[in-house]
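S.K.: Got a structure for you, written out below as structure tokens; questions coming shortly.
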Amino acid sequence: MSIANNLEKIKATLPDAVTLVAVSKTKPIADLKEAYEVGQRIFGENKIQEMTQKWEELPKDIQWHMIGHVQTNKVKYMAAYVNLIHGVDSFKLLKEINKQAKKNNRIIDCLLQIHIAEEDTKFGLDKEELLSILESDTFKALENIKIKGLMGMATFTDNEQQVRREFKSLKSLYDVATTKLTGLDTLSMGMSGDYLSAIEEGSTMVRIGSSIFGSR
């Protein structure tokens, strides 16, 4: 199956209200071009250096989403062009994004990453940390970031009930967050293996890589 065929097949399963992020990390520019030629405009990368290289070489109407863990000292390299940062998992990182956005005279959209999986390796905030950020005056004073919603990754398991339980917990936190903050419209959850379940549980944005580009 070609990348174009894979994309067509996946898009046919997505409701209109769900945004598809094509996870293109580690993939060559030729693969991204193929996806671009059939209309894909949102790509997700997890390494800033690689994303910047692709941004420099590819058409400028592409939206670049940073989906990996972000180190604060690397924010400056993408602040000029990144469209959405998915993995904001600390207040410190949020402040750095705000600082670099200001330098570039931009407002950068962000998602707060919530830890919902049982694995210890995944990054993210818990409910208390989320609420303490949203309710803090320091947060309210950050003028160069815009929180668009929440993001989370379910446990990597074949147990669909567990995965759905984790998605449900993220959706309920998202509902709480919408009462604290206006303008939230994005719940990013679901990847190649579980995106249909995620959509049923309320996801508005899915991150799909291997089902489009093949396994890494």
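The values are calculated or read from the model by the stated rules, or taken from the named source; none is laboratory data. Remember, predicted model here, so these are calculated numbers, not experimental data. In this analysis, Cβ positions are derived from the backbone assuming ideal geometry, glycine residues included, and neighbour counts consider all displayed protein chains. Keep in mind that these areas ignore ligands, DNA and RNA; they rest on the heavy atoms of the full protein, side chains included. Shrake-Rupley method; radii C 1.70, N 1.55, O 1.52, S 1.80 Å.
S.K.: Would you tell me the accessible area of Lys103, worked out with a 1.4 angstrom probe on the heavy atoms of the protein chains, in Å² to the nearest 10?
M.R.: Rounded to the nearest 10, the figure is 140 Å².
S.K.: Share of Cα-Cα pairs in the chain beyond 27 Å, in percent?
M.R.: Result: 29 percent of Cα pairs exceed 27 Å.
S.K.: Please compute the contact order of region 44-145 in relative form: average sequence separation of alpha-carbon pairs under 8 Å and at least six residues apart, divided by the residue count, as a percent.
M.R.: 23
S.K.: Same structure again: Any idea which of Phe167, Leu142, Leu125 is furthest toward the positive side of the dipole for region 94-195, if Lys and Arg beta-carbons carry +1 and Asp and Glu beta-carbons -1?
M.R.: Of the options given, the answer is Leu142.
S.K.: In whole Hz, what ³J(HN,Hα) sequence does region 197-207 give by Karplus (6.51, -1.76, 1.60; θ = phi - 60°), x for Gly and Pro?
M.R.: Values, residue by residue: 4, 4, 5, 4, 8, x, 5, 10, 8, 10, 10 Hz.
S.K.: How far is it, in nm, from the label point at Lys103 to the one at Gln63 when both lie 7 Å from their Cα along the line to the Cβ?
M.R.: For Lys103 paired with Gln63, the spin-label model returns 2.6 nm.
S.K.: Then there is this: Which percent of the accessible area of region 12-153 is formed by carbon and sulfur heavy atoms (probe 1.4 angstrom)?
M.R.: Looking at region 12-153 in its full context, I get 47 percent from C and S.
S.K.: Run the quick spin-label model on Ala80 and Ala12: label points 7 Å from Cα toward the beta carbon, then report their separation in nm to one decimal.
M.R.: Simple spin-label model gives 4.2 nm for this pair.
S.K.: Here's another thing I want to ask about it. Place a point 7 Å from the Cα of Phe156 along the Cα-to-Cβ direction; which residues of region 190-216 have their backbone N under 18 Å from it?
M.R.: 190-195, 207-216
S.K.: Counting only other residues whose beta carbon sits under 9 Å from that of Ser197, what net charge do I get with K and R as +1, D and E as -1?
M.R.: Numbers: positive: Arg164; negative: Glu160, Asp194, Glu200, Glu201.
With Lys, Arg at +1 and Asp, Glu at -1, the neighbours total -3.
S.K.: Going toward the positive end of the dipole of region 62-135, with +1 on Lys and Arg Cβ and -1 on Asp and Glu Cβ, which of Thr72, Ile107, Ser90 do you reach last?
M.R.: Result: Ile107, furthest along the dipole toward the positive end.
S.K.: Further, regarding this structure: So how compact is region 167-215: Cα radius of gyration and Dmax in angstrom?
M.R.: 12.4, 40
S.K.: Follow-up. When the chain is fully extended, how far beyond the present Cα-Cα distance does Ser210 get from Leu196, taking 0.36 nm per residue of separation?
M.R.: Value of the extension gain: 3.5 nm.
S.K.: Could you work out the helix-only [θ] at 222 nm for the chain, with each DSSP H run of four or more residues adding -39,500 (n - 2.57) and the total divided by the number of residues, to the nearest 500 deg cm²/dmol?
M.R.: Taking each H run of at least 4 residues, the total per residue is -11000 deg cm²/dmol.
S.K.: Do you know the relative contact order of the chain, to the nearest whole percent, from alpha carbon pairs under 8 angstrom that are 6+ apart?
M.R.: 20
S.K.: At a Cα cut-off below 26 Å, give the lysines reachable from Lys27, other chains included and same-chain residues fewer than 8 away excluded.
M.R.: Excluding near neighbours in sequence, the set is Lys9, Lys11, Lys47, Lys54, Lys60, Lys74, Lys76, Lys122.
S.K.: To the nearest 20 Debye, how big is the dipole of the chain about its Cα centre, given +1 on the beta carbon of each Lys and Arg and -1 on that of each Asp and Glu?
M.R.: 740
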